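Engineer: Sending over a structure as structure tokens; questions will come in a sec.
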Amino acid sequence: MSEVEKRHVVTLEINGVRRNAEVEPRKLLVHLIREDFGLTGTHVGCDTSQCGACTVELDGQAIKSCTVLAVMADGASITTIEGVSPVASRLDAVQTAFHEHHALQCGFCTPGMVMSVRQLLRDHPDANEDDIRHGIAGNICRCTGYHNIVRAVESLVAKD
Amino acid sequence: MNAPLPPYVGQPVKRREDFKFLTGKGRYVDDIKLPGMLYMAIARSPHAHAIIKNVDLGPARASPGVRLVLAGKDLDGRIGPIVPNWIIPGSRVPFRPVIAIDRVRFVGECVALVVAETLAQAYDAVDLIDVEYGVLPAVTDETAAIRDDAPQLHENVAGNVTTIYRVRGGDYAKAAQEADQVIQLRIANNRLIPTCMETRSVIAAPDPDDTLTVYMPSQVPHMHRRWIAETVGIPEHRLRVVAPDIGGGFGAKMHLYPEELLCPYLARELGVPVKWWESRSESHQSTSHGRAHTETIEVAIRNDGTILGMKVDTLGNVGAYLSNMATGGPTVNTVNFGTGNYKIANYEATSRIVVTNTVPVDAYRGYGRPEGAYIAERAIDAVARHLNIDQVEIRRKNFIQRTDFPYRPYGSMGTIYDTGNYDGLLEKALAAFDYEARCTEREALRRHGIYRGIGVAAYTHMCGMAPSRRLAMSGFDRGGWESARVAIDSSGRATVYSGSMSQGHGHVTSLSQIAADVLQIPIENIDVIQGDTRQVQAGHGTFNSRSMAVGGSSLHVCSQQIVAKAKKIAAGMLEVDEKDVAYSAGQFSVPGTDITPLSFAKVARMAYVGHKLPDGVAPGLDETVFYDPTGMSAPSGVHLAYVEVDPETGIVTILDYVAVDDVGTLINPMLAQGQIHGGVVQGIAQALYEEVSYDPDSGQLLTGSLLDYAVPRAEHVPNITSLFQETPSPTNPIGVKGIGESGSIAAPPCMVHAVLDALAPFGITHLDMPLTPPRIWAAVQRARNGANQ
Ligand code: FES
Ligand code: FES
């Protein structure tokens, strides 16, 4: 068996559940999440780490999961869009703000965008518009023109 | 009688579809995994133009996990060719095989395919396919392609021109003679990549009953069913096309691509599901591009700013083959609208469709209308600049007047603007923008070496292509109708089956608003089904800003038929004459009597138990409508932008953007503003950032990934003030006009005018998009050096 095909066991906690999987060394974290764990809310929008559709939290920090190999996430704790709301049948504050402000259209960028906004609010709880636009600059949205995403985030800042 | 329910139409109803997208439960094609599914990957041409001398598939076939490897000649005569759906009469249509057989004509063209057990194995095997090419000279630019010595792409397309289209109105030659001056300009409309955040993906799965299900992000599921059926040779009724959630379309997902034919073919051959997924870099060289025009314009004017006539020559670069609608974009969709919102009686336009060694070009948000508006707007702006007339004044002077509608520009037979009030739009925009104050500020800052500019652009166009018989005249192989079915269940709840196809538009919300108002039931009692040809009766889909005007109208009419039938049933139950029955707020009543009203739910139940139906009334409460509009709606708008340009760096900062649009009756102002925001930003992107570039010698695609192609991020775009003026369209029963394309039509000229206005002190009167810092900086340097000589 070649090095490429050799399997490695990865154990991690995802949305509070401990899981393991056998992966090829070249497998990306985003593919582990989507294919092995079936969590398809995390999307793949590019192949050069430009779009942010794959953003998840790794040990509490938003990262682009297409830039991390699955084997590198061994032992980590990961949160995806499916794990954002404490009650699965309800939206959390960021998700609610997106709904209220019509901050999504096709929804493809939305999970990654929500993850980046959570990070932004942790880093800049009193972010102004420039901070917001800068804070989501790693995520491309082709539908909304960003206007309503910025409004949604502003509403979360104002509440604090 | 009960008061009618407060109308849903016109309200900013929050989206009913949001929850799944916000929680990661949206279901896009790439999220679907079927048992036993195999993966297809494509080997693509690295050359822009070459003869295929030999294809060695041996090593790929021996690669681990590989099930099948095929080249073009293996498929020759089995499936294909790919034919366009809109062919302007007189066009020469080049032969387009599904996979190239003996010659490739653009970087990215399919040359072979691999089917393997995993996607990684398929990619590994593609790397082992060895193709021997004999490289030929390539041409990528439309102006170069029509030169006598240009490489020729197709034997049946002499001079690389497939189509010549002419529009004439009045007498331009005479107008030019009578003019005080004739001014000329040459403008380029930069090639763009639509960039839906979800790339294309296809899964074809054979079902046990000898049908085939194709999952694909299609803007036009029923049209795709027909095209795939005809091109692969499958009986259409045995084919089911399912479009689940779609991550943006913008026109790019309404064409017929090789992969959409290959997966169905392979799934039938292999008897298992076959999936293809497009990587982003692959998308840049396989999914259609947009725009790519060069225009030469003459404007015959009087010195007071009156425009007597206009002459336009368009070269539309359509890439290596004629994609689905390629002959229609630079012709009907562009030059028919070249006079914009202005009264220009004498018009002469010629459009030539040019093939080049590039990715095929087809519809992208606005398709032709952005190019048309860019012609009209750059022309009128040039007139204003040339005569030193205020950019607002020149428009007021030449606008089609409110009382002129319906208006046929240059006496056209087919181009008709149904309604409009351009002065109203302009005044509203100027007030929201605080135009006078900004003009004063701009002058004051200029004295301090700060260069600000104001851009103005107006637009109108026609959308919702119809009626069907008119489409026949312009060479379409399809109709212009839309269908809707409303099925009421025995509890009085409704399921709407619509032939329109949301790709982020929010149709579950907007369509149920339309149905709720007619059915007089709460919106929560209405479900909307789209995107499955086994569930939805028929349809054309969503493109050309047609969903509300055509799809919404069909649903409106269909809902009215439901109420009409329910009234008949209610009359029978109440034992009164049908004409005495009134319907409001979900209750059938007999005004002026003490007869107890009947609820919609009770009538629905009676429709299905069928115990007490009037004579001649069939059981059930389920109606289907095929609605063919009588004409097309003509949205319009005026947009204003305020920018600052730093002459030392060439950087443009957008300070403000105001859009005032007339899209007829608003169904949902929140969704409408969302469409404007997104469209305007795509238009700003064309004006300032995005451009596909090819190496002119090798024909290599230089913007091959999102690293090199500048899709704007939140930091690059401004807040947008979106306001409306509602002039209902008389062309449909709900008075709506299209909206989806408005922003991307208006924003490019608006932004370019703003930047040119800021650069006016340097004497710069023209720059081609995108107005990138290097381009602006170089122009400023040239102007300064020129001034110093
Ligand atoms: S998939 Fe685009 S950044 Fe990860
Ligand atoms: S909502 Fe479509 S990409 Fe953001």
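Engineer: Tell me the accessible surface of A:K64 in square angstrom (1.4 angstrom probe, heavy atoms of protein chains only), to the nearest ten.
Structural biologist: Counting only protein heavy atoms, A:K64 exposes about 50 Å² to solvent.
Engineer: Hydropathy first: keep DSSP H helices in chain B averaging at least -0.5 on Kyte-Doolittle, then drop any whose Cα extent along the axis falls short of 24 Å, and list what survives.
Structural biologist: Details: long enough: B:369-387 (27 Å, -0.24); B:553-574 (31 Å, 0.54); B:669-688 (28 Å, 0.60); B:742-758 (25 Å, 0.96).
Within chain B the helices that satisfy the rule are B:369-387, B:553-574, B:669-688, B:742-758.
Engineer: Could you give the distance between the Cα centres of region B:661-693 and region A:90-154, to the whole Å?
Structural biologist: 19 Å
Engineer: Can you figure out the FRET efficiency of B:L34 with A:D123, using R₀ = 56 Å and their beta-carbon distance, to the nearest 0.05?
Structural biologist: Efficiency for this residue pair is about 0.85.
Engineer: Right, something else. Using heavy-atom solvent-accessible surface (probe 1.4 Å) with all chains present, what is the largest-first order of A:L39, B:L555?
Structural biologist: Details: A:L39 35, B:L555 0 Å².
Most to least solvent-accessible, the answer reads A:L39, B:L555.
Engineer: Work through the residues other than B:P591 whose Cβ is under 12 Å from its Cβ and net out their charges, Lys, Arg +1 and Asp, Glu -1. Please report the intermediate quantities before stating the final value.
Structural biologist: Numbers: positive: B:K579; negative: B:D580, B:D594.
Around B:P591, the charge tally is -1.
Engineer: List every DSSP H helix in chain A whose Cα atoms extend 15 Å or more along the helix's own long axis and whose mean Kyte-Doolittle hydropathy is at least 0.5.
Structural biologist: Details: long enough: A:110-123 (19 Å, 0.02); A:147-159 (19 Å, 0.39).
Passing helices, by number: none.
Engineer: May I ask you to derive the relative contact order of chain B, considering only C-alpha pairs under 8 Å and at least 6 residues apart, and to give it as an integer percent?
Structural biologist: Numbers: 2006 pairs, mean separation 124.3, N = 789.
Dividing the mean separation by the residue count of chain B yields 16 percent.
Engineer: Quick one: if the Förster radius is 45 Å, what FRET efficiency do B:D477 and B:A432 give, using the C-beta to C-beta distance and rounding to 0.05?
Structural biologist: Working: r = 44 Å, r/R0 = 0.98.
Efficiency for this residue pair is about 0.55.
Engineer: Follow-up. Run the dipole for region A:8-83 about the Cα centre, Lys and Arg Cβ at +1, Asp and Glu Cβ at -1, nothing else charged, and hand back the magnitude in debye, nearest 20. Before the final figure, lay out the partial values.
Structural biologist: Numbers: 6 positive and 10 negative charges, 15 e Å.
With Lys and Arg at +1 and Asp and Glu at -1, about 80 debye.
Engineer: Compute the relative contact order of region B:664-789 as a whole-number percentage, counting only Cα pairs closer than 8 Å that sit 6 or more residues apart in sequence. Don't skip to the end; give the middle numbers.
Structural biologist: Working: 136 pairs, mean separation 46.3, N = 126.
Relative contact order here is 37 percent.
Engineer: Right, something else. Using a ≥ b ≥ c from the Cα gyration tensor of region B:447-547 (square roots of the eigenvalues), is it rounded, prolate or oblate, where a/c under 1.5 gives rounded and otherwise the larger of a/b and b/c decides, a/b for prolate? Please report the intermediate quantities before stating the final value.
Structural biologist: Values: a/c = 3.21, a/b = 1.59, b/c = 2.02.
It comes out oblate by the Cα gyration axes.
Engineer: Same structure again: Under a crude label model (7 Å from the Cα following the beta-carbon direction), how far is B:T211 from B:T653 in nanometres?
Structural biologist: My value for the distance between the label points is 6.0 nm.
Engineer: Below 24 Å, Cα to Cα, which lysines can B:K602 reach? Residues fewer than 8 away in the same chain don't count.
Structural biologist: In chain and number order, the partners are B:K565, B:K567, B:K568, B:K579, B:K612.
Engineer: Here is a further query. Calculate the dipole size of chain A relative to its Cα centre from +1 charges on Lys and Arg beta carbons and -1 charges on Asp and Glu beta carbons; express the result in debye to the nearest 20. Walk me through the numbers before you get to the answer.
Structural biologist: Numbers: 15 positive and 21 negative charges, 59 e Å.
Dipole magnitude for chain A comes out near 280 debye.
Engineer: Also, I was wondering about something else. Could you compute the FRET efficiency for B:S468 and B:D615, with r as their C-beta to C-beta distance and R0 at 41 Å, rounded to 0.05? All intermediate terms of the calculation are to be shown ahead of the outcome.
Structural biologist: Values: r = 36 Å, r/R0 = 0.87.
E between B:S468 and B:D615, to the nearest 0.05, is 0.70.
Engineer: Here's a follow-up. Sort B:K568, B:K602, B:K737 by heavy-atom solvent-accessible area, probe 1.4 angstrom, most to least.
Structural biologist: On the way: B:K568 85, B:K602 125, B:K737 5 Å².
These residues rank, largest area first, as B:K602, B:K568, B:K737.
Engineer: Here is a follow-up. If you stretched the chain out fully between B:D74 and B:K579, how much longer would it get, using 0.36 nm times the residue separation minus the C-alpha to C-alpha distance?
Structural biologist: Values: separation 505, 0.36 × 505 = 181.80 nm, distance 6.72 nm.
Full extension of this stretch gives 175.1 nm more.
Engineer: Add +1 for every Lys or Arg and -1 for every Asp or Glu among the other residues with Cβ under 13 Å from the Cβ of B:D209, and state the total. Each step should come with its number before you reach the end.
Structural biologist: Details: positive: B:R238, B:R240, B:R534; negative: B:D207, B:D210.
Spelling it out: positives minus negatives among the neighbours equals +1.
Engineer: In square angstrom, rounded to the nearest 10, how much accessible surface does B:I684 have for a 1.4 Å probe?
Structural biologist: 0 Å²
Engineer: Looking at the square roots a ≥ b ≥ c of the eigenvalues of the Cα gyration tensor of chain B, which shape do they give, rounded for a/c under 1.5, prolate if a/b is larger than b/c, or oblate? Spell out each step's value before the answer.
Structural biologist: On the way: a/c = 1.89, a/b = 1.12, b/c = 1.69.
Judged from the Cα gyration tensor, chain B comes out oblate (a/c at least 1.5, b/c at or above a/b).
Engineer: Could you rank B:K174, B:K73 by how accessible they are, 1.4 Å probe, largest area first? Don't skip to the answer; put the middle values down first.
Structural biologist: On the way: B:K174 105, B:K73 135 Å².
Sorted by accessible area, descending: B:K73, B:K174.
Engineer: How much accessible area does A:E57 have with a 1.4 Å probe, in Å² rounded to the nearest 10?
Structural biologist: 10 Å²
Engineer: Can I ask one more? Rounded, prolate or oblate: which one fits region A:8-83, using the alpha carbon gyration tensor with axes a ≥ b ≥ c (rounded when a/c is under 1.5, else prolate when a/b beats b/c, else oblate)?
Structural biologist: Details: a/c = 1.57, a/b = 1.21, b/c = 1.30.
It is oblate, given that a/c is not under 1.5 and a/b is not larger than b/c.
Engineer: Right, another one. Which net charge results for the neighbourhood of B:G65, defined as the other residues with beta-carbon distances under 13 angstrom from its beta-carbon, given Lys and Arg at +1 and Asp and Glu at -1?
Structural biologist: Values: positive: B:R61, B:R67; negative: A:E5, A:E24, B:E117, B:D124.
Around B:G65, the charge tally is -2.
Engineer: Give me the Kirkwood hydrodynamic radius of the protein assembly as shown, using the inverse of the mean 1/r over all pairs of distinct Cα atoms, in Å to one decimal. Can you show the working numbers first?
Structural biologist: Details: mean 1/r = 0.0342 Å⁻¹.
Taking every pair of different Cα atoms in the protein assembly as shown, averaging 1/r and inverting gives 29.2 Å.
Engineer: What is the extension gain from B:Q184 to B:T596, computed as 0.36 nm multiplied by their sequence separation minus the C-alpha to C-alpha distance, in nm to one decimal?
Structural biologist: On the way: separation 412, 0.36 × 412 = 148.32 nm, distance 7.45 nm.
Residue separation times 0.36 nm, minus the Cα-Cα distance, leaves 140.9 nm.
Engineer: Can you list the lysines whose alpha carbon sits under 25 Å from that of B:K73, skipping same-chain ones fewer than 8 residues off?
Structural biologist: Within the straight-line cut-off, B:K73 pairs with B:K53, B:K275.
Engineer: Treating the beta-carbon of each Lys and Arg as +1 and of each Asp and Glu as -1, no other charges, what is the dipole magnitude of region B:524-639 about its Cα centre, to the nearest 20 debye? The partial results should precede the final answer.
Structural biologist: Numbers: 9 positive and 12 negative charges, 29 e Å.
The dipole of region B:524-639 has a size of about 140 debye.
Engineer: In nm, what is the difference between 0.36 nm times the number of residues separating B:A3 and B:D697 and their Cα-Cα distance? Intermediate values should be presented prior to the final figure.
Structural biologist: On the way: separation 694, 0.36 × 694 = 249.84 nm, distance 7.13 nm.
This chain segment gains 242.7 nm when fully extended.
Engineer: Moving on to the next point. Amide H neighbours of B:L723 under 5 Å, at least 5 residues apart or on other chains, H built in the peptide plane: list them.
Structural biologist: Here B:A659, B:V660, B:D661 satisfy the definition.
Engineer: Restricting to bridges with both residues inside the protein assembly as shown, how much of the DSSP beta-bridge set is antiparallel, in percent to the nearest 5?
Structural biologist: On the way: 111 of 138 bridges.
Taking every DSSP beta bridge within the protein assembly as shown, about 80 percent pair in antiparallel fashion.
Engineer: Mean separation of Cα pairs under 8 Å and 6+ residues apart, divided by the residue count of region A:93-159: what relative contact order is that in percent?
Structural biologist: Values: 70 pairs, mean separation 34.6, N = 67.
It rounds to 52 percent for region A:93-159.
The values are calculated or read from the model by the stated rules, or taken from the named source; none is laboratory data. Small disclaimer: the values here were computed from a predicted structure and weren't measured. We place every Cβ from the backbone using ideal geometry, glycine too, and count neighbours over all the protein chains shown. The protein model used for the area step is the full one, side chains on, heavy atoms only, and it has no ligands, DNA or RNA in it. Shrake-Rupley method; radii C 1.70, N 1.55, O 1.52, S 1.80 Å.
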